[in-house]
Structures are given as structure tokens and as C-alpha cells.
Amino acid sequence: MKDSSKDTKVSMKRKALKVVRRLDGETRTVEKTARSMRNAAKFRAGLPVRRRDMYAVRKGSSERFGVYGFGGCDILSIVGAGPELADHVDGSFCLGSFGKADHTRSDLLLQTLNPPDRSLTHEVSERLGLIDTYFTPTLFEPTFSIPSQVAVGSFPKKVVVLSTSADSSRTLYRHREHGFLVDPGGWWLTTDMGDVLNDLSAVKWFASNYVKARRIEVAESMDNFARIITELRDRTGAFVVMMNVLTVDPGSSSLDYKHANSPNRVRRREFGLAATQLAASMDFPLLDVDRMTKEMGISGQADFVHYTPEQNALIAREFSNLLIDAGVV
């Protein structure tokens, strides 16, 4: 028999949440603070804390084990492995997906090891709304925490997960005078288009100060990743895993690419092959998302880095098995 009192409580909570959001505005500071306090209490009580698309946390013994995913939307698929992996760790466990496609291309990551002076990047950060850590070596730090859940504490990077997706698809821009790189991302997509069209000063400023950088070559990308992985091992001691991406375009009916001008699907295939070779030479596992998604079927996919719920579950399961089989957890 259905518990009507439980349904009533859930309904009241939802109504209260709507009121808070209406009063607190777009940023929902009160909601975020309340969620952080609630999750901290759950963590102290040994209960699992999870945001389905970003992180999974569980308290155990005083020892801590962190899995740090750093990349675009495709990295989110590993978060589903959190509950199973936590069962194989005696200590407190955290698996998180961090970073975004617009600041995880390999040359941008290496730039953070020798970042430009803040006085040179302040204006572009302000105008484009770049995150505070855009030019800092966050990836190479030995520990991490969930920004919205600081009360849970920090975790050592026992595992770091990287992806080839940004290198195969993102376009960067170089400062005309100082030479540093930046990815403008989709800032204008999240701004009211009326504001953008009525005030093009930021667009004009960017065009006058930055020039489009050339597309990163596959060999250059792999050289960058080789250095990134070496730095990660030296600085964090992490077990590194790399993900590839789907090499074909969902819904595409093309069968012959010989007359196409370097189509993206061919480029992703080249990146996939190069990543396989790099994994063999540097002795780290490659999470073969290309194979998994093709075996399951890609007809339901929106594009090459956004996977269906069923595909996400498969990728998470394969990732979990990979770490268990390797003896990492």
C-alpha cells in the first residue's frame, strides 16, 4: 500500500524548495548552503552523498580515496561507477567529474604549469566569465575537493581520468601580444542574446586582441598528454586512465569520406588510434568508449560525447571493472 504521508512530505519539500528558489533568485545561495550542510551531515553519519551527474561520496575509515575525472561532458559517464567502487574501498571515497571541455585541451593544461601573469589575464577572465582556476594547475594538485561541498573535505588523487575529446574538437585563440592561449567557450550562449546583440564590445575586444590558433595536430596532442601523465605521476602518484570518444557521428549516413575535407569523424579515429599507442607505450589503461558505444548501438545519441543512460551505465560498469581488475581498489 502506498505511503500517503511520505508522498505528502516529499510534496511539501518540493513546494518549499520552489519558494526558496523564487525568493533567492537565480544563484539560489540559500539552497546551495542548505544542500551543503545536509550533505556534510550525511557524510558524517556514513551515508552516501551523491549528485547523479557530478560526484559520489561515501564516508568510511579515516583513510581517503579519490577518483578525479577531468574533461568534458564525456567524463560524466564515469560518475555512475561511484557506488560500486565505494564498496571496494575501506576508507572514505569520492569520485568526481571536474573541468569542462573549454578548459581541458592538452595545451591549455600544460600552460597552467607556467601560467601567464594574472595582470595579463584579468581582463579576459572578466569579459568572458572564465572560472577562477582557469589559468591555475588544478589538475596537477595532489588533492581535490568538491567546490560546493567543502565541509566533506579533500581527497587524494588516487585515480585521474583524462579524455581526448577536447583535443579532437576544441578551437583555441592566442593573445596577439603575449601569446597565451584561451578557449572562449560558450559564454555568449548562456547570456541573453539581446544583451549580446545590443552590446558587441566584448566580441570586438576579443577579435582585436586574440587570433585563432591552429588546430592541434594528433602527434602534438599525444606529446602533450605524455608530459601531462608524467607530471601527474610525479606530482600526485595517481593511477591514470584515458578515455577515447565515439569515432563516428550518430545519425550520419556517410559511407565514403575520401572527398571530404578532413572530416571530424576521421580526426577522432586518428586520435583514438594514437591514444591506444600512447597507452601501450606509457603503460596506462584506455577506457574504450568508442567500442562500448558501438556495441550497444548509437542511434539514441545526440552527438559523439553525450551518451544515453544505458551507455553511461555500461561505461561506468566497465570503468569500475577496470580499476578492480587492476587492483587499484
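Coordinate-derived values only; no laboratory data. Just so you know, these numbers come straight off a predicted model, no measurement behind them. Cβ atoms come from the backbone with ideal geometry, glycine included; neighbour counts cover every protein chain shown.
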*Given a Förster radius of 41 Å and the C-beta distance between ASN114 and SER299 as r, what FRET efficiency does 1/(1 + (r/R0)^6) yield to the nearest 0.05?*
0.35
*Can you tell me the FRET efficiency between HIS178 and THR133 if r is taken as the Cβ-Cβ distance and R0 is 25 Å, rounded to the nearest 0.05?*
0.80
*Fewest first, what order do PHE206, PHE319 take by the number of other Cβ atoms within 10 Å?*
PHE206, PHE319
*For THR143, what is the net charge nearby, where nearby means another residue's Cβ is under 12 Å from its Cβ and Lys, Arg count +1, Asp, Glu -1?*
+3
*Proximal charge balance of SER125 [Cβ under 14 Å; K/R count +1, D/E count -1]*: -4
*Environment charge at MET282 (Cβ cut-off 14 Å; Lys +1, Arg +1, Asp -1, Glu -1)*: -2
_Just to verify a number: FRET efficiency for ARG235 and SER208, C-beta to C-beta distance, R0 = 41 Å, to 0.05?_
0.65
